[in-house]
Each structure stands twice: as structure tokens, then as C-alpha cells.
Amino acid sequence: MDRMTSSMKQVPNPLPKVLSRRGVGAGLEAAERESFERTQTVSINKAINMQEVAVKEKHARTCILGTHHEKGAQTFWTVVNRLPLSSNAVLCWKFCHVFHKLLRDGHPNVLKDSLRYKNELSDMSRMWGHLSEGYGQLSSVYLKLLRTKMEYHTKNPRFPGNLQMSDRQLDEAGENDVNNFFQLTVEMFDYLECELNLFQTVFNSLDMSRSVSVTTAGQCRLAPLIQVILDSSHLYDYAVKLLFKLHSCLPADTLQGHRDRFMEQFTKLKDLFYRSSNLQYFKRLIQIPQLPENPPNFLRASALSEHISPVVVIPAEASSPDSEPVLEKDDLMDMDASQPNLFDNKFDDIFGSSFSSDPFIFNSQNGVNKDEKDHLIEQLYREIGGLKAQLENMKTESQRAVLQLKGRIRELEAELTEQRHLRQQAADDSEFLRAELDELKKTREDTEKAQRSLTEIERKAQTNEQRYSKLKEKYSELVQNHADLLRKNAEVTKQVSVARQAQVDLEREKKELEDSFQRVCEQAQRKTQEQVEVLESLKQELTTNKQELQVLQGNLETSAQSEADWAAQVSKLQKERDSLVSAAAQCDEQVSALREQLEQTQLKLSSTQESVEQLAKEQRRVLLMESRKAAEQVVHEALSQLEEPSLISCAGSADHLLSRIKSVFSCIEQLEKSRSQQPGCLEDTSKMLQSVTLLGHLTGDTILQGSATCLRALPEPADSLSETCKQYGRETLLYLASLEGDDSLEKADSTALRNCLSKMAAIGEELLPRGLDIKQEELGDLVDKEMAATSAAIESATARIEEMLSKSRAGDTGVKLEVNERILGSCTGLMQAIQVLIIASKDLQREIVESGRGTASPKEFYAKNSRWTEGLISASKAVGWGATIMVDAADLVVQGRGKFEELMVCSHEIAASTAQLVAASKVKADKDSPNLAQLQQASRGVNQATAGVVASTISGKSQIEETDNMDFSSLTLTQIKRQEMDSQVRVLELETKLQKERQKLGELRKKHYELAGVAEGWEEGTEVSPPPLQEAVAEKE
């Protein structure tokens, strides 16, 4: 029993060692992960810190290798999210540098792991963008670049982060589609523009007058430009190659915008590369390429062979002397993991792996003597002494290990204390930032409102741009469909021409067969007639021969020899008759064969004609259906644009709407005419297709013009016109749908369409400006009447001035008489100059009418050019009215009840009215016309006369005011001070009134111009657009 127990004790128990090894393996993996995260945290914190020095390459390289090790950037973003990037601009700038390196050289999954933080980067960019200088502005531009890079690689996953691709990979990225290449070029331009903006912003922030590249602050700003140079060189190379490829597929005019944008970026990039190559900092780190002197010529395809791709060379980096050791704690982990093995080995070394030689197993024999026991006890004492020594050594080693662990614990406690201090500091910073955040929230609300409005405006602009792009694409598609229809029409025309040529050939062959048949029939008839005549002659001869035979039979007996001769002759004649009968039978067979051949030819000709007609009918139906679909699409597009906000900025006119309606009426009449004619005619079919397409485009134009006209009309007629436009569009679609087949083509009715157009025309007539209410037949007479009335008004004004001068000479004396004579004389000179101007204007108008009317009458010419005529009428009315007002003002001045200022204003008004008359007269005049030169000379005379009136009025006013001398000799000091204060108050009141009157005058002139435009039908883009000449003359004064 004791022996079994001893043997059981000798069996080792391996289970604890196995479990210990497994626990050690899991601990090693966790320790390795912890060591990796600790190493990455230390490297990231050393690379991204608040010191204004460049990022050390070894720390950035450790971060890059870490992304490849964990196949992503989770650890990087975990550490970065703890950094106060929003509170320190230098920290944010260095983060952008490291993140740019990771996007370029890190694992491909860095982009995927970073997309979730794209909106946070945008918010941070907008926040730093509020700073106008320093690292805040630099960080804002850099964050925009990183967002653009992420969006570019997301849209184009074939491009790696470092943008290194071969030409074959570049072709595969565009999938050999010109549209993809076009869009890819635009995105490259946007990407390169962000790179250049960062380049330029960094250079603008540096003081280039000093050697900033050798300072730590300058190197901190210049270090990220190495990544920018690497990206820009590749983007420039790919843009050049894509532009050459696009120019080989698309016309040069389409790519004009691409070329202009490339030229601008080429100039900037060349200048920045040149400036960078001269900096001492870049000379030892990177070899910057130089761009060619002149940009590539994309219009010459052979210039691609002259293009040299810019290559950026980075020299081999030596080991940096300032490399710092990274804190490692693997020794402690290995020591802890090896402790169980150490104690196991110690146990095995002391007690052995087996208990077979255990000295404590006593022998069961009773014959053991005392000496052996003493020897055994001594041996056990020695072994106990050895074990005690080993135990002391183990205690010493364990104490040393405990001391090491305590030292490590103290280090960790110190580090923990430091972390707590940092945490407390971060908490204080967070409290401070919360306070700042509360202060910024209010401003952020305002900025968010402005941002939302700006976003809404951008969204609307983008929507309008997308709609414009869609409309442009649909217009291009319609143009392409129209071209296809024209091409199909040409093909059908060609087929019909070939069929008609075949039909003509068949008719010619038929005619030839009929002629040949006629000739054969005539020949047969002639031969038959000849044979009949021969038979008749033979019959007559036979009858004669019979008679002679009867006579000869009587004499038969007398002459046997003569009888034999006559018998031979009769047999010969019978043989000739048989041969003639057989020839007539052959002729009948030939005639029947020719008739059968003629009938077969006629059957073939009829079947060919039916197939040609069926083919033409089918092609006509297909072309009509395609034209109808294109027209319906145009009408649908016009109806869909009625409610779009992009039409709010458009403006239409009623007269243009009426002209569109008239064109639609003409198009409908042409369509009805071509529809009612024979459908088999090719020319009528082409006219009908053209009319259907034209009807669709005119209908869309009319609907949009009607909608634009509604914007300038009153609400009630505008609603009526808008509803009529919609009804007209629906009726047009119904009418076009009725043109689908031949049966429905005959039943198509345009009565409802015409009714809608008539209703729109009636509303347009109501919306015409009041100046257009005059009948065009009366315009010519009205021009003559107004010019005559103006001449009469000038003559009446001259007579009144002469009468006032006579009264003044009779009743006034001295200075007043002198002033009145001077003013009235200058007014008389002005009236004479205006009269000369009117005569010159009449001569010029007569010349214009004679040279432009052709075979038409002057009234018809005036009616045809109604806007120009209305301008003449308006100018003539203004001249006559100004002359009357000026005479009244002069009368009041002479009587002493008027103001000199009124007279000057009236003279300026007359000058402006005459200038308007001259402008209206010279619109249609020949620049080399002598009458035009005479009119201009008369206009200068009017200006001089107006200046004379103003000068005489000012002189007379000053002369009269000089008579009222101000005598202050009897005033005291207090009275003078009092009057001085009253004068200052009066001056201030008059200045205030002057400013208000000037504002009032400006508003009155604006309102006058608006009313004149409504009354006289001024439109943008018309031949005569009366400018505000009164304002021009006032400014000249």
C-alpha cells in the first residue's frame, strides 16, 4: 500500500504547466497589442504637439508603419480624438501634416476609417477660417485640401493615395469613355487648385525677406509642402495627358474652358515650383522639378511626344542623430511570464523530476544498523544545508526582483500622477473651453442662420445648374434626334428616289415592250394582209384557172400535152398556199407569246409599285412619330418649367408674345396644308415633318414667353394668361397625339388649339403698353402734327418774348431794363436755335423716310418703325412743352414775381428735350449724311444758346442783388453775433432742404422714366431706348 502511494507521488502532474503556457500565450498577445498601442500613442503625441517645429520623420514613419500593422487607422483616430485640435492652431497644423502622410503612404484602409470624420474636419476648417492670419488660416486651407483629397479618392478608387499610376492604369480609370475623362479632368483641376491654394497661403504667411527656411517656425510651415509638391507633380502630369486625350475626341471649342483653367494653374504651379527650389530647406530634402517655359499646345496632337513628366526626387535619408528611444515595457512582461517556468525549473533542479531516488523512502527491512542511519542523517543535513543556501539565493533574487518591481511601480505611479495632473489640466482647459463655447454658441447661432441661408442659396444655385445641365443635355438630345430624323429623311428620300428610278426604268421597259409589241402586231397585220391579198389573188387565179380548166377540159381531147402542163401549175399553186398558211400560224404563235410576256411584266411592275408605296408609307409613319415625340418632349419641358423659380428673373413683353403667337398660327396653317395634301408626295411629307418639329419648338417658346410675360402683368390677367398657357400646352399635346396614324391624321382638328391661341392673343393685346394703343396707320400723321405743333409753339414763344421785351422797354428803366433786355434777348436766341434744330430734324427725318421706305408710303414706313416714331413724337412733345414753360417763367421774371432759378431750370429742360429729339432722329440716319451733320451743328447751337440764357440769368441775378447792399455799420456786437447765429441756422436748414430736394428730384426722375417707358412702350433691346437725358444734362451742369 505504501509502495503504491509512493509510486503515485512519483507521477508528475503536467496540467498546471499546460495551463500556465496557454495563459502565457494569451498574455503575450495582449501584451504585444498593448505595447503596439503604447508605441503608437507615444509616436503620435510626439509627432503632433504644440511646439512650433517640423514633424520628425521617424515619428511619422512609426505612425505609417502602425497603419500597415493593424491594417487601418483606428488607433490613430483614437489618439487624435483626445487632442485639443480646436483650441491650438499649431497642433491642428501638425495633425494635418501627419494625416496627409497617412493618406499618401499609409494602408489603403486609412481612407475608409477616416471618412466618418469628414464632417468634423469641415466644421473645424470653417472654425479656423474665421482667423485671417497665422496657423488658423493655414489650418483652414489645409483641412479643405484634405477633405478634397478624401472626396477625390472616394469618387476615383482606382487612384492610390500617393497618385502613382501608369498610363494604362490612367486609361482604365476613365474606362475609355470620353465623358468619364471629361469629368475626371474637372475633378483633377479642383484637386490641384486646393493644392495651389495651400502653397500660396503658406508663402504669403512667410516673411520672404529673411531666411525663414532655416528657422524652426519656418520649417514647421514649409514641411507639409513636400507632400503638396509630390501630389501636384502627378496631378499636372495626368491633367496634360487627359487634355491631349480629350482634344483627340472632342472639338476645341468645347474644351476652351479646360484650356483656360489649365493655363492659369500652369502659371501658378510653375512660379511656386521655382520659388520652392530656391529655399535652403527644400534643397537637402527634395529635388523639385522645373516646368517647361511654355505650356503644352493641346491643339497640336504631336505635342504630346514633347511632354516630359515632372519627376520629384527625394534623396535617401540618413539615420537622424536626434532619434529618441521609445519607451518599452516588454522586459517586465517577459519577466512576469517567465516566473512560473523559473520556479518550476528551480523545483526540478532541487527535487528532481522523479521520486525514485527519494532519500525519505525507508527500507522495510529490519536489519539496518545505526551507522547507516547516521550516514543517512548526515547526508540529509548536507542536502538541507544546500537547500537552505539555494533558498537564500532564491530569496535574494526574489528581493531583487521585488525591488525592481517596486521601482517600476514607483515609475508608474509617477507617470500616473503626471497623467492625473495632465487630466486635471485638461479638465481645467475643458472648463475654460466650455465657457468659451457658451460665448461662441450665440455667435454660432447667427453664423448657422447665415450658413443655412447660404447653403439654401448654394443648393438652389446647384439645383438651377443641374436643371440647366439637364436642359442642355435634353436640348443636345433633341438636336441629335432632329439630326437623326433628318438623316433618316435623307435615307428615305434616297430610297424613294431609287424606287422611283426603278419605277421609271420599269415604265420605260414597259413602253419599249409595248412599242415592240405594236411593231410586231403591225408586222403581223401587214403579213396577214399580204397573205390575204395573196390568197385573194390566188383565189381569183384559181377561179380563172378553173374557168380556163373548164375551157380546156372541152379541148382535153384535142391536146393531152396542154392538159398535163395545166395540172402541174395547179399543184404548184396549192403548195404555195400551204406554205403561206403555215407562216400565218407561226405569226399568231409569236403574237400570243409576246402578249403573255407583256402581262407578266405588268404584274411585276404593279407588285413593285405596291412595295415601294408601302415602304414609303411606313417610313413616313416612323418619321412622323419621331417628330411628334420630339415635339411633345419640348412641350412637356416647357410646361414643367412654368413653376420653376429660375423664370422669376426673366421678363417678357406682350408684343414679343404676340409675334410668337402669330408664328404659331402660320405653322399650324402650314401643317394643315401639308396634312391635307397627297401623303405619298415626298416634298409634302418633308414639309409636314418640318411643321411638326417647328410647332413643338414654337409652342415651348410661346409657353415660356407667356409665363415670362405674366411676371410683368397685373395679378388677374397674369393668372388668366398662365392658365391659358397651360391649356394651350395640353391642347397641343392632344393635337400632336392625333397625328399618330393615317386614320387619325385625317381626323386631327386644330380648332381647340386655335381658340387657345386666340385667347392668349387677346390677353396679350390687353397687356400691351398704352403707347402702343395708337393705330399704326395714324403714326405718320401724328409725327407731322407733333412737329408742326412744336414749330408753332416755338413761334408763339418767340412772339411772346418780343411782346414782353416791348413792355419792359416801355415800363422799366435802369438796371432792371438792362437785365430784362439781356435775359429776353438770350431767350429769343434760344428759340431761334431750337427752330433751326427742328427744321434740320425735319430734313433728316424726310431723308430717312425716303431712303428706308422703298416702294412703301411714308405712313407705312412710320407704322413699320413704330418704336422709332413714338420716340420722335415724345421728343417733339417735350420740346414744345419746354418752350411754353420757359416763356411763362421769363414773363414772371420780367414782372418781378418769378425766380431766376426757374428760368435756368426751364432752359436746361429745353436743352434736354432737344437732345432727346436729336438722339431719336439720328438713330436711323446715315453717319455720312449732310443733314445729320447739319442737325448736330444745330444741336451745338442750342447748347450754346442755353448756356447764354443761364449766363445772362446768373449775371442779371447778381446785378440786381448788388443793388441791395448790406449795411452793418449801425449794428452792435451783440446784434451782429445774433444775426450771425441766425445766418448759421438758416444755412443748416437750407442745406438740409437742399439734400432732401435732391433726393426727391432723383426719385421723381426715376418715376418719370418708368412712366415714360410704360406710356411709350420702351423695351429692352428695341431700336429707340430714350435715355434719361435730363439727368445727363443736370450732371453736365
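Some notes on this structure:
- Of the residues Met127, Met188, Met150, the single one that is open to solvent by 70 Å² or more (accessible area, probe 1.4 Å) and part of a helix (DSSP H, G or I) is Met127.
- For Ser958, the criteria (1) small (Gly, Ala, Ser); (2) touching a helix residue (DSSP H, G or I) at 6+ places or on another chain (Cβ under 7 Å); (3) at pLDDT below 80; (4) part of a helix (DSSP H, G or I) hold in every case but one, which is (2).
- Any hit, region 54-71, residues being part of a loop (DSSP other than H, G, I, E, B), within 18 Å of Thr216 (Cα to Cα) and hydrophobic (A, V, I, L, M, F, W, C): yes
- Selection status of Ile384, farther than 30 Å from Arg38 by Cβ and modelled with pLDDT of 80 or more: yes
- Checking each residue in region 706-716 for being open to solvent by 30 Å² or more (accessible area, probe 1.4 Å) and touching a residue at least 24 places away in the same chain (Cβ under 8 Å) picks out Leu711, Arg712.
- Among the residues of region 161-181, those that are hydrophobic (A, V, I, L, M, F, W, C) and within 14 Å of Cys249 (Cβ to Cβ) comprise Val178, Phe181.
- Every listed requirement among (1) farther than 26 Å from Val98 by Cβ; (2) in contact with a helix residue (DSSP H, G or I) (Cβ under 7 Å, 6 or more places away or on another chain); (3) not hydrophobic (A, V, I, L, M, F, W, C) is met by Glu264 save one, (2).
- When region 919-941 is limited to residues that are among the small types (Gly, Ala, Ser) and part of a helix (DSSP H, G or I), the one that is farthest from Lys842 (Cα to Cα) turns out to be Gly941.
- Number of positions in region 187-227 that are within 23 Å of the chain's Cα centre (by Cα) and touching a residue at least 60 places away in the same chain (Cβ under 8 Å): 3
- Every listed requirement among (1) at pLDDT 50 or above; (2) open to solvent by 80 Å² or more (accessible area, probe 1.4 Å) is met by Leu405 save one, (2).
- Close pairs (9 angstrom Cβ cut-off, 6 or more residues apart or separate chains): aromatic (Phe, Trp, Tyr) in region 511-536, assigned to a helix (DSSP H, G or I) and open to solvent by 100 Å² or more (accessible area, probe 1.4 Å) anywhere: Phe517/Arg595
- Of everything listed in (1) surrounded by 14 or more Cβ atoms within 10 Å (Cβ to Cβ); (2) at pLDDT below 70, the single unmet condition for Ala318 is (1).
- Test for Thr417: is it surrounded by 10 or more Cβ atoms within 10 Å (Cβ to Cβ), more than 60 Å from the chain's Cα centre (by Cα), closer than 26 Å to Pro84 by Cβ and of a type outside the set (A, V, I, L, M): yes
- The listed residue being in a helix (DSSP H, G or I) and within 17 Å of Glu589 (Cβ to Cβ), out of Val520, Val534, Val498, Val504: Val520
- Scanning region 900-925 for residues that are among the charged types (D, E, K, R) and more than 11 Å from Ala883 (Cα to Cα), we see that the one that is surrounded by the fewest Cβ atoms within 10 Å (Cβ to Cβ) is Glu901.
- Which listed residue, of Lys1036, Lys1007, Lys977, Lys996, is closer than 21 Å to Val879 by Cα, at pLDDT 70 or above and surrounded by fewer than 16 Cβ atoms within 10 Å (Cβ to Cβ): Lys1007
- Taken over region 926-935, the criterion of being surrounded by fewer than 17 Cβ atoms within 10 Å (Cβ to Cβ) and either modelled with pLDDT of 80 or more or basic (Lys, Arg) (or both) is satisfied by Lys927, Ser929, Pro930, Ala933.
- Residue that is most open to solvent (accessible area, probe 1.4 Å) [pool: residues in region 158-171 that are in a loop (DSSP other than H, G, I, E, B) and more than 16 Å from Gly106 (Cβ to Cβ)]: Arg158
- Residue check for Leu83: at negative phi, surrounded by fewer than 21 Cβ atoms within 10 Å (Cβ to Cβ), assigned to a helix (DSSP H, G or I) and of a type in the set (A, V, I, L, M, F, W, C): no
- Candidate set: region 108-124, residues that are closer than 18 Å to Thr41 by Cα and of a type outside the set (A, V, I, L, M); chosen: the one most open to solvent (accessible area, probe 1.4 Å): Asp113
- Check on Leu145, under 24 Å from the mean Cα position of the chain (by Cα), closer than 20 Å to Gly257 by Cβ and part of a helix (DSSP H, G or I): no
The values are calculated or read from the model by the stated rules, or taken from the named source; none is laboratory data. Computed from a prediction, not measured in an experiment: that's the story for all the values here. For neighbour counting, all protein chains shown are included, and Cβ atoms are generated from backbone atoms with ideal geometry for every residue, glycine included. All accessible areas refer to the heavy atoms of the entire protein, side chains included, with ligands and DNA or RNA removed. Shrake-Rupley method; radii C 1.70, N 1.55, O 1.52, S 1.80 Å.
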